[in-house]
């Protein structure tokens, strides 16, 4: 069974990029007291990087994320430039938890953190239904 990552995750991550860009704008304002040229170079570079992250990297990160659960393992594939696959055998799972931050609560997103014997994996941007479905599947409380 495949679990979908919510599209609201893109908005949440773009909001964090805007917050970081606002903090950088404040710091560049302080830098402009000393050197206007250095401030213009640094601010234009940060705007280009923020645009790259917000409009190229974040949507591709969302599309690359894949969560699959079967009776033997939890398989997570992710990555934009470097693809990684994490396989957590279900018998080795110790516990899992659903969490929400203040920002994710606004968007209605949950983070499911899965702990195994020597591993920990966080699944970001799940809707409430998908987070509940995933925890029920991992706990083994479903009928086969």
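The values are calculated or read from the model by the stated rules, or taken from the named source; none is laboratory data. Small disclaimer: the values here were computed from a predicted structure and weren't measured. All Cβ positions, glycine included, derive from the backbone under ideal geometry; neighbour counts span all protein chains shown.
Out of segment 32-48, which residues are in a helix (DSSP H, G or I) and exposed (fewer than 15 other Cβ atoms within 10 Å of the Cβ)?
36, 37, 38, 40, 41, 44, 45, 47, 48
Working carefully through the options 141, 129, find the one that is exposed (fewer than 13 other Cβ atoms within 10 Å of the Cβ), at pLDDT 90 or above and either in a strand (DSSP E or B) or more than 12 Å from the chain's Cα centre (by Cα) (or both).
On inspection, the qualifying residue turns out to be 129.
Restricting attention to segment 85-95, does a residue exist that is surrounded by 13 or more Cβ atoms within 10 Å (Cβ to Cβ), within 16 Å of the chain's Cα centre (by Cα) and within 30 Å of residue 132 (Cβ to Cβ)?
Yes: one or more hits.
Inspect segment 36-52 for any residue being modelled with pLDDT of 85 or more and within 15 Å of the chain's Cα centre (by Cα) and give the result as yes or no.
Checking segment 36-52: not a single residue is modelled with pLDDT of 85 or more and within 15 Å of the chain's Cα centre (by Cα).
Cβ contacts < 9 Å: first residue on the phi > 0 side of the Ramachandran plot and free of Cβ contacts under 8 Å to residues at least 24 places away in the same chain, restricted to segment 60-85; second residue assigned to a strand (DSSP E or B) and surrounded by fewer than 13 Cβ atoms within 10 Å (Cβ to Cβ), any location; separation 6+ or different chain. Result?
79/85
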